[in-house]
Amino acid sequence: MLYLSTASGSGGVFKAGPQDFIVKEITTKGRIPIPDQSYDAQQLGEQESPEGKFTTFVLQKRSWDTVQLLLRMAKMMGHGKKSIGYCGVKDKQSISVQLASIFGVEPAQVMGLRIRDMKVNGAWKSAGAVELGSNVGNSFTAVIRGCSKPENAARVIDELDGRMPNYFDRQRFGLRMNNHEVGMLIMHGDFRGAVMKFLTDTSNERNEACIAARKRLAQEQDFRAALGYFPAGMRNERSVIEYMSRYDNPANALRKLPRGVLLMFVHSVQSMVFNAALESRIKAADFESPLRCTENFYGFPDLNALSPAGRFPLGALAGYTTDEKAMSAYDKQALSQAGLAREDFKIASMPEVSAKGSTRPLIVPAKDLKCHMDGSDLKVDFSLPTGSYATILLLEITKAV
């Protein structure tokens with residue numbers, strides 16, 4: 001990753017524990033609920049509907065995956081996955097506060113749930129669900145520990161001047177950093193290769209039992225036997241293995257994965273190409289684009305408001321409907337260097353994961369960006385639009401990679 005700022009970084013480690021990374025959702029009304037504070041609908045500018053069939057609530061969690069926690073809450077109240085609603089997934093390694101909803105239960109039921117490291121800081125009846133992607137952004141408080149040169153942080157922040165490059169972060173590419181590799185194989189119709197890459201690649205794998213299982217399957221390629229030794233916690237892998245043990249159909253085996261996981265493989269290819277194009281732009285100090293958007297009420301990019309005079313230049317997230325005229329030379333070069341064409345994102349043998357393409361801001365505001373030192377530690381506050389990664393800004397400050 002090529003940094004936007006040229007000043008030397010502070011060094012140090014961020015996200016050392018959940019208490020060092022606090023995430024607060026910026027709601028559609030521009031409100032920011034904070035941890036350990038109770039709210040009602042009026043305080044957050046939300047519409048309460050006593051006759052509504054949904055309950056909207058303020059969810060506070062620590063070291064929980066958002067979806068897994070909401071699924072557990074729904075199950076405790078006798079409901080399933082389709083009953084839950086949320087704006088976005090907050091980092092597991094954090095303390096986070098966000099709005100969520102569940103269909104068919106009363107606020108008192110939600111308030112009465114008791115789950116470790118979870119709090120409900122208010123609940124009310126509403127007419128509709130909380131929708132994915134509807135939040136304006138997120139507000140962060142991060143602690144960077146053990147900085148070698150904490151004084152450098154202020155220099156970086158001054159140089160950034162309230163903005164940051166809108167790279168996709170490593171979590172987009174999976175824990176093993178190979179989502180895009182699986183995606184490329186799927187796009188080229190090599191479903192068997194994609195299955196084996198997903199199941200047996202040990203890159204960046206840290207769990208010794210998982211490493212041993214992946215290596216054994218790579219060597220033996222016996223799916224029936226693999227069911228006996230793949231750890232129970234590898235649920236996605238086991239669902240693919242179970243299908244492959246009965247049928248020699250790797251495309252359908254991949255379809256045993258949750259659709260969101262399957263889509264992420266192809267979306268991570270888009271992300272890889274976007275990152276490469278953005279890095280080239282930073283190297284050339286060139287952010288001109290024929291595609292631009294204006295800002296919303298909060299000062300963040302509004303992708304629904306395209307305008308040649310817009311404040312925010314956009315880059316292409318390549319897909320099979322992407323207009324070549326809307327692609328910059330940087331976009332085209334990155335796509336070509338990846339060995340891809342726009343048409344490759346239309347996957348005839350697996351159309352459900354085909355990607356039409358879209359756009360993404362190249363540079364985004366880092367609002368209210370400030371920091372202060374506490375010995376060798378730094379506390380950094382800032383807000384980012386939906387879809388932008390706090391870790392990218394923290395890497396700019398620390399220059400840790």
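None of the figures in this text is laboratory data; all of them are computed from the coordinates on show. The structure displayed is predicted, hence computed values, not measured ones. All Cβ positions, even for glycine, are placed from backbone atoms using ideal geometry, and neighbour counts span all protein chains on display.
What ³J(HN,Hα) values, in whole Hz, does the Karplus curve 6.51 cos²θ - 1.76 cosθ + 1.60 give for segment 122-130 when θ = phi - 60°, with x put for Gly and Pro?
Here the 3J(HN,Hα) series is x, 8, 7, 6, 9, 7, x, 7, 6 Hz.
Taking the Cα-to-Cβ direction at Leu263 and at Ile211 and moving 7 Å from each Cα, how far apart do the two end points lie in nm?
In this crude spin-label approximation the distance works out to 3.4 nm.
So which trypsin sites (Lys or Arg not before Pro) in segment 113-164 pass both tests, a DSSP loop state and at most 14 other Cβ atoms within 10 Å of the Cβ?
Sparse-neighbourhood loop trypsin sites (Lys or Arg not before Pro): Arg114, Arg116.
In segment 243-301, which GluC sites (Glu not before Pro) fall in coil by DSSP and have 16 or fewer other Cβ atoms within 10 Å?
Of the GluC sites (Glu not before Pro), the ones in loops of segment 243-301 whose Cβ has at most 16 other Cβ atoms within 10 Å are Glu288.
What shape does segment 28-135 take by its C-alpha gyration tensor, where a ≥ b ≥ c are the square roots of the eigenvalues and a/c under 1.5 counts as rounded, a/b above b/c as prolate, and the rest as oblate?
Rounded shape, in that the Cα axes give a/c under 1.5.
Would you mind classifying segment 297-401 by shape? Square roots of the alpha carbon gyration tensor eigenvalues, ordered a ≥ b ≥ c; an a/c under 1.5 is rounded, otherwise it is prolate if a/b is larger than b/c and oblate if not. Mind showing how you got there, number by number?
Numbers: a/c = 2.58, a/b = 1.86, b/c = 1.39.
Here segment 297-401 falls in the prolate category.
In whole Å and largest first, what semi-axes does the C-alpha gyration tensor of the chain yield when each eigenvalue is scaled by 5 and square-rooted?
For the chain, the semi-axes come out at 32, 30, 23 Å.
Only four residue types carry charge here, +1 at the Cβ of Lys and Arg and -1 at the Cβ of Asp and Glu. Report the dipole size of segment 192-257 about the Cα centre in Debye, rounded to the nearest 20.
Magnitude of the dipole: close to 160 debye.
Which Cα, out of Ser96, Ala16, Gly78, lies furthest along the positive dipole direction of the chain (beta carbon charges, K/R +1, D/E -1)?
Value computed over the given set: Gly78.
Explain nothing, just the number: dipole magnitude of segment 57-106 about its Cα centre with +1 on each Lys and Arg Cβ and -1 on each Asp and Glu Cβ, in debye rounded to the nearest 20. Before the final figure, lay out the partial values.
Working: 8 positive and 3 negative charges, 29 e Å.
Here the size comes out at about 140 debye.
Going by amide H atoms built from the backbone, whose H comes under 5 Å of the H on Gly315, apart from near neighbours?
Amide H neighbours of Gly315: Arg360, Leu362.
Within straight cross-link reach of Lys283, meaning Cα distance under 17 Å, which aspartates and glutamates are found once same-chain residues fewer than 8 apart are removed?
Glu159, Asp331, Glu396
Just to check I understand the Karplus step: with θ = phi - 60° and J = 6.51 cos²θ - 1.76 cosθ + 1.60, what whole-Hz values come out for segment 332-338, glycine and proline as x?
Going residue by residue, I get 5, 5, 5, 5, 5, 5, 7 Hz, with x marking Gly and Pro.
Take the Cα radius of gyration of segment 192-257 and divide it by 2.2 N^0.38 Å, with N its residue count; two decimals is plenty.
0.99
Taking the dipole about the Cα centre of segment 90-228, with the C-beta of Lys and Arg at +1 and of Asp and Glu at -1, give me whichever of Asn138, Val156, Gly228 is farthest to the positive side.
Result: Gly228.
Rounded to the nearest 500, what is the chain's calculated 222 nm mean residue ellipticity when only DSSP H runs of at least 4 contribute -39500 (n - 2.57) each, over all residues?
Value at 222 nm, helices only: -9000 deg cm²/dmol.
Pull up the cross-link candidates among the lysines for Lys81, meaning alpha carbon to alpha carbon under 27 Å and not fewer than 8 places away within one chain.
Lys24, Lys29, Lys53, Lys61, Lys90, Lys92, Lys119, Lys125, Lys256, Lys356
In debye to the nearest 20, how big a dipole does the chain give about its Cα centre with +1 on each Lys and Arg Cβ and -1 on each Asp and Glu Cβ?
940 debye
Please list 3J(HN,Hα) in residue order for segment 8-19, calculated via the Karplus relation 6.51 cos²θ - 1.76 cosθ + 1.60 where θ = phi - 60°; whole Hz, with x for glycine and proline.
Along segment 8-19, the couplings run 5, x, 7, x, x, 10, 10, 6, 5, x, x, 5 Hz.
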